[in-house]
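The values are calculated or read from the model by the stated rules, or taken from the named source; none is laboratory data. All figures in this text were calculated on a predicted structure; none of them were measured in a lab. Heads up, the Cβs are rebuilt from the backbone with ideal geometry, glycines too, and the neighbour counts pull from every protein chain shown. Each accessible area value is taken on the protein alone, full model and side chains, heavy atoms only, with ligands, DNA and RNA left out. Shrake-Rupley method; radii C 1.70, N 1.55, O 1.52, S 1.80 Å.
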Amino acid sequence: MSYNTNKLNSKFDEIKNLRYYPWIGNNYFNQKNMRIAFVAESHYYGGTDMKTLQHNKVLWENDKNTTIEVVEEESIIREYYGTKMFPNLHRTIIGNDEFDTIKLWSNLVFFNVVQRPMNYEIKERPQWKDFCDGWEVFIELNKILKPDICVIVG
């Protein structure tokens with residue numbers, strides 16, 4: 001499902017402030033003139049049910065594969081953990097949330113501008129520095145990923 005980012009990790013690791021590798025669909029680099037990158041705000045954590053706690057553990061561990069795991073869990077498997085972003089995104093693009101998600105996500109890139117997880121329970125919001133650092137990451141990622149279209153989602 002996901003492109004083997006190991007080929008790109010050394011380039012990604014050179015990007016200052018990059019905390020999370022982007023999701024890269026396994027067909028993304030095969031796209032001609034229609035490479036699409038979805039750019040969201042940030043990862044959120046918080047909640048007390050067991051599935052949410054398990055999901056949040058990844059964010060706390062500062063795992064560079066967090067975004068990849070979130071896309072696999074929330075957009076492909078549809079373990080939404082109470083978030084509405086992915087089902088709403090699916091409905092906006094496809095018209096519903098009942099379709100073969102692998103076909104869509106295998107052709108896309110997804111990453112968050114803010115490279116620090118936000119605590120949902122205290123309604124934490126990114127700071128100005130988070131956005132400034134994040135847009136620098138965005139620019140450097142785009143040099144590697146070379147999307148034709150960036151769709152800002154939230």
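Residue check: Lys129 meets all listed conditions (1) free of Cβ contacts under 8 Å to residues at least 40 places away in the same chain; (2) touching a strand residue (DSSP E or B) at 6+ places or on another chain (Cβ under 8 Å) but one, namely (2).
Taken over region 13-35, the criterion of being closer than 19 Å to Ile149 by Cβ and either part of a helix (DSSP H, G or I) or open to solvent by less than 40 Å² (accessible area, probe 1.4 Å) (or both) is satisfied by Pro22, Trp23, Ile24, Gly25, Tyr28, Phe29, Asn30. Residues in region 114-141 that are among the basic types (Lys, Arg) and assigned to a loop (DSSP other than H, G, I, E, B) were compared, and the one that is nearest to Val39 (Cα to Cα) is Arg116.
Considering the conditions (1) free of Cβ contacts under 8 Å to residues at least 60 places away in the same chain; (2) charged (D, E, K, R); (3) within 30 Å of Lys32 (Cβ to Cβ), Lys146 is excluded by exactly one of them, (1).
What number goes with the only condition from (1) open to solvent by 60 Å² or more (accessible area, probe 1.4 Å); (2) modelled with pLDDT under 80; (3) under 16 Å from the mean Cα position of the chain (by Cα); (4) more than 17 Å from Val113 (Cβ to Cβ) that Gln54 does not pass? (3) is the only condition that Gln54 fails. Being open to solvent by less than 60 Å² (accessible area, probe 1.4 Å) and modelled with pLDDT of 80 or more holds for only one residue in Phe131, Phe111, and it is Phe111.
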